[in-house]
Amino acid sequence: MNTIKKGLGRGLSSLIGETKVETKKNKLLLSEIVPNKYQPRKDFDEGNLNDLINSIKERGVIQPIIVRKSNKENSKYEIIAGERRWLAASKAGLHDIPVVITEADDLKSLEFAIVENVQRHDLNPLEEAQGYKRLIDEFSYDQEKVSKFIGKSRSHITNCLRLLTLPEEVLKLIELKKLTAGHAKILVGLENASFLANKIFEKKLSVRQSENFVRIFKNKKKITNFTKDANIADLEKSISEKIGLSVVIKNNRKNKGTITFSYKEIDQLNKIIEIIKSNY
């Protein structure tokens, strides 16, 4: 396992200093270079990319990109940091690009990519969270280790990772920049996260307004749950007394719902099974 040092505070130059750098070759053909499979950023802002393309057309690529020899494609080099510059150079019509060639394993490659993007605030909240998750899942980091390496608080790492627990529909809204990370944090752990997310977007609520909206929604739900239909309540009580177990009936306006039997030991579970079998 590689020894990890604090990366973000020292920046990319420090990470480069921890690896061997080949200085003989300082330019590569664009066709010799392939994207980084560990690149946490999935989307590049079109406006910013166009600005960079225009800048490169006028001045060329001033800052070299960082690459390593590809371990999958012979004679190819894989980008570690600078994919946006490589993409812009290609679109600007360049044939080659200045590079720094370094020796780096998969872990170091992911570290480079995350540090570069976090430093420049280029990642959206989901891309940042997914980058941290890869360090944890694929390279046996824990949240404390990620925190020390990135140079951000443990709570920041935890909150980022919690975003990934949101429903796919909510994640899509964040990805499309229809909701911010601030909005998303309010929705984490909520049963109706998708419904609330769409309402927040439709109403164009700020984060503070969204907090109030969610609070009001929760209070309304508590009141709704509290005022259970008297017939349903009587039926729950009757069944519970008959079988000797706690019973909860949830019935919606369309007369669809669920019946929940609660048991505390295996004998009670067997009793439920026998009751069902005897009436099957």
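Every read-out reported here was derived from the displayed coordinates using simple, explicitly stated rules and does not represent laboratory data. No experiment lies behind these values; they were computed from the predicted model shown. So basically every Cβ, Gly included, is an ideal-geometry build from the backbone, and we count neighbours across all protein chains shown.
The amide H of V34, built 1.01 Å from its N in the peptide plane, has Y77, E78, I79 as neighbours under 5 Å, considering only residues 5 or more places off or on other chains.
If you take the Cα atoms of the chain, find Rg, then find the Kirkwood Rh from the mean of 1/r over all pairs, what is Rg/Rh? It would help to have the intermediate numbers written out before the result.
Working: Rg = 27.2 Å, Rh = 23.2 Å.
Radius of gyration over Kirkwood radius for the chain works out to 1.17.
A simple charge model with +1 on the Cβ of Lys and Arg, -1 on the Cβ of Asp and Glu and nothing else charged puts the dipole of the chain at about 800 debye relative to its Cα centre. Quick one: work out the % antiparallel among DSSP beta bridges in the chain, nearest 5. About 75 percent, rounded to the nearest 5.
FRET efficiency for the K152 to N231 pair, using the beta carbon distance and R₀ = 41 Å, is estimated at 0.15. Size descriptors for segment 63-147 (Cα atoms only): Rg and Dmax, in that order, 14.1, 44 Å. With Cα atoms defining each centre, segment 240-280 and segment 175-204 are spaced 35 Å apart in the structure. In terms of the Cα gyration tensor, with a ≥ b ≥ c the square roots of its eigenvalues, is segment 180-226 rounded because a/c is under 1.5, prolate because a/b exceeds b/c, or oblate? Prolate, because a/c is 1.5 or more and a/b exceeds b/c. Highest-first packing order for the peptide set 211-217, 167-173 is 167-173, 211-217, based on the mean count of other beta carbon atoms within 10 Å. Anisotropy class assigned to segment 125-280 is oblate, per the alpha carbon gyration tensor with a/c at or over the 1.5 cut-off and a/b no larger than b/c.
How would you rank 235-246, 259-270, highest first, on the average number of other Cβ atoms within 10 Å across their residues?
235-246, 259-270
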